[in-house]
Amino acid sequence: MKHKSLIRRLLTLGRGVVSGMPEDAERRDPLQLFGDWYADAESGGLLMPEAMTLATATAEGRPSARMVLMKDFDLDGFVFFTNYGSRKAEELEGNPYAALLFHWPSLQRQVRIEGGVARVTKEESLDYFNTRPQGSRIGAWASRQSQILSQRSELEQRVRDYEQKFSSSDVPLPSFWGGYRLKPETYEF
C-alpha cells in the first residue's frame, strides 16, 4: 500500500469509499442514492451529517454561501429553516434558486443538488418549530439574523427579554421564521 493511501485509510478509519460510485448509479433514482449515502454518513458516526452548504444569489447574480442544517428530505425536496429577514431568505425571495452541497470527507463523498426553492407551509414550520428545545425557540425570537450587533450584550438582553415574556407560556412560532424546500432539478455525486 502506498504511503498516501495508507494515510488516507488511517484518517478515515477504513470507512472511506473504496469502490467509488455504484455500478448501477446511472440507472438509480438520485434521491434514493442520496438517501443511501446519507444513511452511510449517519451510521458512520460522522459529526452532523445533515450539515450542508447553501449557496444563493441575489437577483443581480451576486453569490453567497453558508452552512445550514437539513431537517428533512423526501420526494418533495430538501428542507431547512431560517429567519425570513436573513440575507439567505432575502436572496431566495429575489432569486428562488439555490444549490446545496453535502460534504462527507471521511467517506470521500460529496453531493451537489440544485433547484428551485419555495417556502414550506406555516403548518410545516410550526410542526418543526415545536420540536425545538425551548432555548432554540427563544433564540429564533431574539436573533435578528444577518443584522450587525454593536455588542453581544444586545443579543443577550433580547434573549433575557423573550425568556421573561414567554416564561409562563409556550413559545409561539414567530411570523418571521420558517422553512424552505429546495426541489431538486440536478444532482451531482
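Values as computed for the structure displayed
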{"read-out": "Accessible-area order (highest first, 1.4 angstrom probe) of the listed residues 122, 165, 183", "value": "122, 165, 183"}
{"read-out": "Paramagnetic reach from residue 169 (point 7 Å along Cα→Cβ, amide N under 16 Å) across the range 115-140", "value": "138"}
{"read-out": "Cα-based Lys proximity count in the chain, under 17 Å, for pairs eight or more positions apart or on separate chains", "value": "4"}
{"read-out": "Virtual spin-label span in nm between residue 132 and residue 157, 7 Å along Cα→Cβ", "value": "2.3 nm"}
{"read-out": "Within the range 117-136: backbone nitrogen closer than 11 Å to the residue 69 label point (7 Å, Cα to C-beta)", "value": "132-133, 136"}
{"read-out": "The chain - mean residue ellipticity at 222 nm from DSSP helices (-39,500 (n - 2.57) per run, n ≥ 4, rounded to 500)", "value": "-9500 deg cm²/dmol"}
{"read-out": "Efficiency of FRET from Cβ geometry, residue 112 and residue 43, R₀ 22 Å, rounded to 0.05", "value": "0.50"}
{"read-out": "Helix 30-43 axis, angle to the chain major axis (alpha carbon atoms, nearest 10°)", "value": "80 degrees"}
{"read-out": "Shape box of the range 55-166 [Cα atoms, principal axes, largest first, Å]", "value": "43, 33, 32"}
{"read-out": "Cβ-placed point charges (K, R +1; D, E -1), dipole of the range 25-145 about Cα centre in debye, nearest 20", "value": "500 debye"}
{"read-out": "Two-decimal ratio, the chain, of alpha-carbon radius of gyration to 2.2 N^0.38 Å", "value": "1.21"}
{"read-out": "Surface per residue (accessible, 1.4 Å probe) for the chain, Å²", "value": "61 Å²"}
{"read-out": "At R0 = 30 Å, FRET efficiency that the Cβ-Cβ distance of residue 145 and residue 26 yields, to 0.05", "value": "0.15"}
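The values are calculated or read from the model by the stated rules, or taken from the named source; none is laboratory data. Just so we're clear, the structure is a prediction, and the values are computed from it rather than from any experiment. As a convention, Cβ positions derive from the backbone with ideal geometry for all residues, glycine included, and neighbour counts pool all protein chains shown. Accessible surface areas use protein heavy atoms only, side chains included; no ligands, DNA or RNA. Shrake-Rupley method; radii C 1.70, N 1.55, O 1.52, S 1.80 Å.
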